[in-house]
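The values are calculated or read from the model by the stated rules, or taken from the named source; none is laboratory data. Since this is a predicted model, take the numbers as computed values, not measurements. Because the Cβ atoms are built from the backbone with ideal geometry, glycine has one as well, and the counts that use them run over all protein chains shown.
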């Protein structure tokens with residue numbers, strides 16, 4: 001009887017303290033729902049899946065794009081192979097991620113339109129040094145959204161024309 005009173009009091013104190021939850025190791029009767037090892041495995045925090053700091057697994061393109069975003073520059077791609085940054089004037093600013101260490105930049109405003117190879121940090125520095133002729137992040141997004149609107153309207157018009165030819 002004393003054992004039951006102690007366990008009842010213990011459960012009441014746990015509930016008051018908010019220790020027992022629906023994912024607890026004990027059922028309402030105070031009986032274990034899993035072994036000690038199962039509970040330990042269940043309650044341990046999962047391993048962090050963030051392997052961003054593992055040098056073998058760094059995705060240089062994602063890191064580069066994130067760094068540009070921090071500096072108010074929008075890097076875009078259509079196919080995941082060629083990346084570009086929109087410019088203020090009618091020029092090309094293309095970026096190619098050759099491997100985990102090499103970035104090629106094709107800038108028609110500089111270097112007679114020749115591609116240049118850079119390491120990661122040198123590529124960041126080059127883009128930031130030439131930031132004055134690039135659109136800001138917001139300007140690039142507005143321009144891209146405008147292109148999407150025009151493209152959507154063109155598709156709508158094309159569908160309407162195709163439907164109109166069948167009626168005659």
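Annotation: of all residues in the stretch 98-124 being within 18 Å of residue 71 (Cβ to Cβ) and in contact (Cβ under 8 Å) with a residue 24 or more places away in the chain, the one that is surrounded by the most Cβ atoms within 10 Å (Cβ to Cβ) is 103. Surrounded by fewer than 13 Cβ atoms within 10 Å (Cβ to Cβ), modelled with pLDDT of 85 or more and not in a helix (DSSP H, G or I): does that describe residue 48? Here the answer is no, as residue 48 does not meet what is asked.
Quick check, is residue 79 surrounded by fewer than 14 Cβ atoms within 10 Å (Cβ to Cβ) and within 20 Å of the chain's Cα centre (by Cα)? Judged against the criteria, residue 79 is a match. Within the stretch 141-159, is there a residue that is surrounded by 15 or more Cβ atoms within 10 Å (Cβ to Cβ), under 20 Å from residue 75 (Cβ atoms) and within 22 Å of the chain's Cα centre (by Cα)? Looking for residues that are surrounded by 15 or more Cβ atoms within 10 Å (Cβ to Cβ), under 20 Å from residue 75 (Cβ atoms) and within 22 Å of the chain's Cα centre (by Cα), one finds none in the stretch 141-159, hence no.
Within the stretch 82-97, the set of residues being exposed (fewer than 12 other Cβ atoms within 10 Å of the Cβ) and out of contact with any helix residue (DSSP H, G or I) (no Cβ under 9 Å at 6 or more places or on another chain) comprises just one member, 90.
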